[in-house]
1. Kindly evaluate residue C:204 against the criterion of being in contact with a helix residue (DSSP H, G or I) (Cβ under 7 Å, 6 or more places away or on another chain) and free of Cβ contacts under 8 Å to residues at least 24 places away in the same chain.
2. Could you check residue B:124 against (1) at pLDDT below 85; (2) surrounded by 23 or more Cβ atoms within 10 Å (Cβ to Cβ) and say which number it fails?
3. So, in segment A:29-40, exactly how many residues are touching a strand residue (DSSP E or B) at 6+ places or on another chain (Cβ under 9 Å) and modelled with pLDDT under 90?
4. From the list B:361, B:411, B:401, which residue is over 20 Å from the mean Cα position of the chain (by Cα) and at pLDDT 90 or above?
5. Can you name every residue in segment C:230-241 that is surrounded by fewer than 19 Cβ atoms within 10 Å (Cβ to Cβ), at negative phi and more than 7 Å from every other protein chain (Cβ to nearest Cβ)?
6. Please verify whether segment B:333-347 includes one or more residues that are over 30 Å from residue B:460 (Cβ atoms), crowded, with 17+ Cβ neighbours inside 10 Å and within 14 Å of chain C (Cβ to nearest Cβ).
7. For residues that are in a helix (DSSP H, G or I) and either in contact (Cβ under 8 Å) with a residue 40 or more places away in the chain or more than 30 Å from residue A:68 (Cβ to Cβ) (or both), tally how many sit in segment A:170-200.
8. Which of (1) outside any loop (DSSP other than H, G, I, E, B); (2) crowded, with 24+ Cβ neighbours inside 10 Å does residue B:217 not meet, given it meets every other one?
C-alpha cells in the first residue's frame, strides 16, 4: 500500500503555484511537505483528496497501490484527512462521530469497533458526550480515530497540530505518528512548522518558484 | 447591561402584543354556534391539509433547490432571485397565478382555445390544490431566503465547508453529507420559519379568498368572514373559530414535537449508519428553480398586462384595448405610498435595533418566549390580533395617530425580523468573540468590526423581510388608522374590493416594487465574498 | 297660528344654526371605495361642500362597511366621544346592527331640508331598510335593484325573465351560469329572489318568520335550487366568492350572465371598457328585489353638523342628478321627480347608453330581515359542505 504522485502540479488562475513533481510515499512512511502559507500546500492535499475547486486546478496522476484514482470521487478514494480544526460534527455525539466513517455492518460490531477506538483514545465512557464538552486534545484524538476507523488507504494531514498549545502539540505528534505507522498508512503531512516533521522521515520544501525540493 | 435589551422590547412590542392578545381572546366566543356550523369540520380539515402540504412541499422544494445550487456559480445569485420572488405580495401572486390557471386564464387560452373557456377545475378547486401550489410557490423562496441567510454567513460557511471536506474524506457522497451532516444542523435553526410557514398556510385568508376552495372554504376563511361581520353574535362565532383553529394547531405542533422525539432513535440510526456514496443530483433542483422562475415571470407579466388591460375576453391572448387609468390613479395620490415607505423604514430600523439589543443582552434560553410570542403574532388571524390591538390602542388614545400606526406595524415587523435573524445570529461562533476579546477589543468595536460584517447577510435578509412585511400590513393598519391615515395596502384593498382587475394589478405591482428593491439591495450587499471550495 | 308655526320656524332656525356650525368642520365620510366612478363622485361632492358650506369632506376608503360598524361599536364601548367616523355609507344588515346597538345619531334624516323631495310613496324602501324601519336614523342616498346582465350576442330571443327561465337557460348552457355563495350579500339576494318567485304567498315574507314557517315556505325554493345547481358552474359544488368575481368571470367569457344591485353598473362597465358594447341588462318581468342605500351619522361623530349638511347636500336635486348620470356614476335617485321644480327635473333627463336596462321592472320589497339568517344557515347546511 503506497501513495504515488506523478508529475503533480497546482495552478492558480493558470499561474503555476507548485511546479510538477513526483513523489512516492511508501506504506508506513510519513512524508513532510513544508512551505509558507499561500504556497499551495493545502491545495495540493485538496487535489489529492479530489476536492480542489476553481480558480485552483491541479494536474498530474495520483496512484494508490499502483492504481490511478484521478477520476474517482473524493468519497471513494479512501484517503483520510486531518485538518487544523478537528471538524467534529457538532450535532453528533463523540461515539456517533467515530462511527460516521465506519463501514456499514451489524450494529453490534460497529459499536464494538467504536468502543475499542475510544479505548485507544483513552476516552472510555465518552461516547454519549457532545464534542464541545471535550478538551482540545481530546477532540484531536477523536478526529484521528474517526479518520482511522474509515480504514483509509492513505492519510493527508493539513497542519493538524497548528492550533494546539506547545505541550499538547508534542504529545499529539508522537501519538498520531505512532498510530499511523502502526497501521502502515502512507501519510503526507503539510506544515510550516519544521518541528512537525517526524524524525528520520523524508522532508520536502516548496521553493520560491514553486519547485519541490528535498529540504 | 442585561436589562437594556428587555425594556425597549417590552415597551414597544411584547407588552402591547400581550395586551392585544388578552383583549382579542377575552371577547365573547360563541362556542355552541361554532359547533353547529355545517362547514366547521370540512373547513378545519382543509386548513390542516393546505397548511401541512404547503409546509412539506415548500421545505422539500427549498432543500432540493438549495442543495442543488449551493456551491455552484448561481449560489451567489440565489438570494437575489428568491428575494425578487419574495417581494411579490401573497395576494398579488395569487391573483396573477389565478389568472394563469383558471379556466378563462392564459394557460387555457394558449392550449385549450375554443370560443368558450374549458370547464377545468383549476383555481378554487375543492381540494385546495391551487391554494397549496400558491403557498408552495410563495413559501419556498422564504425558506430559501432564510437558509441563505444562515449558509451565506462567513463563520457558518467556513464551518460547513470544513465538515463537508471531512465527511467526504470519511467516505460520504455529497447527498449523504447533505442528509447526515448539513441538514441536521440547518433544520433546527429553521424551526421558527418552518412553524410560520405551517401556521401561515393553515390560517391564510387573502390567498384563500382568491384561489382557495369556496364550498367549504378553509376554517380561517370562515372565521375571518364571521369576525368581519357587523353582527356581534357572529363575531363571537368567528372568535371561537379562530381560537379553535389555534388550539388545534397548537395541539398538532405538540404532537409533532413528541413524534420527533419518539422517532429520534430512528433518525440517529440513519445519521450513523456509515458511509454511503450517494451523490446529490443537481438537475432536479435546478429544474425546479427554473420552473419557479418561469411561473414568477409569467405571473409578473400577467400582472403588468392586467394593469393596463381593458376588456379582455376569452380566448384572446391580449386585451382588446389598453388603458392607463389605473396607473394614473396611483400616481395622482402619492400620499399613501409615501406613508407606507416612511413606516417601513421606521419599523424595520426599530425592529432590527430591538432584535439585536435583545439577542446581545438576553440569554438564549429566553429566546423561546420571544419566538413563541412572534409565532403567535404571525400565526393567529391578523383580524383577531388587530381587533385586540385596536381596543387596546383605543383605550390609550392611540387610534388615528402616527404613533399608533407605527406600533401596529412594528408588532408584525419585529416578529418576522426576530424569526429570520435569531437562528443565524445565535449560531454566531462564540469563539470569534473570545479570540477578539483576547485582542483587547471593546464590545462595541467588536460588534462593529467583526460581528456586524460577518452577520451582514443575516441582518440584511431580516431587514428586507421586515421591510416587505411592513409594506404589506393591511388589517391592523386599517383599524388603527381609523380613517386618519392611508397606506398603500389600505388603498389597494379598498380599491380592489370592487373587483377592478387593472387597479388590483397596479397596486399589486406598486406593493411589490419597494420590497423588491429592498430584497435586491439586501442580496447585493450581503452576497458572500468568501471564496470557499465546496465540493 | 303662532303655536303652529313655531316648530317650522324653529326647524328653519335650527338648520341655519347647523349650517353655521358646520363651517370649518371636517366630515370623515366612511364609504366603500371599490369603484373609481364612485370615488370620483365623492371627491366632487367634497369640493362642492367645501365651496358652498365651508366644510371639508374626507373620504375614508372602506372595503367593507362592517369594519366601520365594529370600529364605532368599539369606540363607543371604550367611551370615546370624539369618534373617527362622521358619516357612513350604509344599509341592510349593517344598519340593523348599528340601530340595534344604538350606535347611530338621530333621528335627523327627515329633518333635512332636502328630505321633502324624497319619493317616500313610490320608493318605500327609503323609509324601510330591509324591512327595518329607518326612523330617521339614516338619510336615503341612492336606489338599488337586482339587475341581470349578459352579452346580447348570446341570447337568441330574450334573456331569462324569471328564475324558471334561468333554469332553462342554464340547462341549455351547462356550467355557464352561477351565483355567489351566501352569505355573500349578492348571493343571498339571488336566493331571496328565488324565494319570492317560488313562494305561494309573498305576503308572509313581509312578516317576522319562525323556523317552522320558514321550512314550509322555503320548500319550493330549495326544490328549484336542487334542480338548478347541477347545471351551474362546476356543477353547483363550488361558487364564486363575490359579485366582483362573478362579474369578472362574465367579463372573461367564463359565464354567460351575471347580476348586480346597481341597475346602471353594466352600462358603466361598458363605458369604462371592462365589458363589451354588446352587453345587455334586464330585470325579471314581474320585478326584482330592490332596496335603498343610505348615509348615517354615528352617535359619537365629532362633526355632526357638517355630517348633516353633507347628507342634505347629497340629497339635493343637483347632487342626485349628477349621481344618476351614467357618465358619472349611474346610481338611481331616491327623489320623486314630480316633487321637483321644472328646472331641477331637467337635470334628470336620462340618456340611454349601451348596457342600461331597457325595460325597468317593478322593485320588489326585501323579505323581513328575520328571514336572512335562516336563509343563509339553511343554504350553508344544504349546499355548503
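1. yes
2. Evaluating residue B:124 over (1) at pLDDT below 85; (2) surrounded by 23 or more Cβ atoms within 10 Å (Cβ to Cβ) leaves (1) as the failure.
3. The number of residues fulfilling the criteria is 5.
4. B:401
5. Within segment C:230-241, C:230 is the sole residue that qualifies.
6. No, segment B:333-347 contains no residue that is over 30 Å from residue B:460 (Cβ atoms), crowded, with 17+ Cβ neighbours inside 10 Å and within 14 Å of chain C (Cβ to nearest Cβ).
7. Selection size over segment A:170-200: 15.
8. (1)
The values are calculated or read from the model by the stated rules, or taken from the named source; none is laboratory data. Fair warning: this is a prediction, and the values are worked out from it, not measured in the lab. Cβ sites come from the backbone with ideal geometry, for glycine too, and all protein chains shown count toward neighbours.
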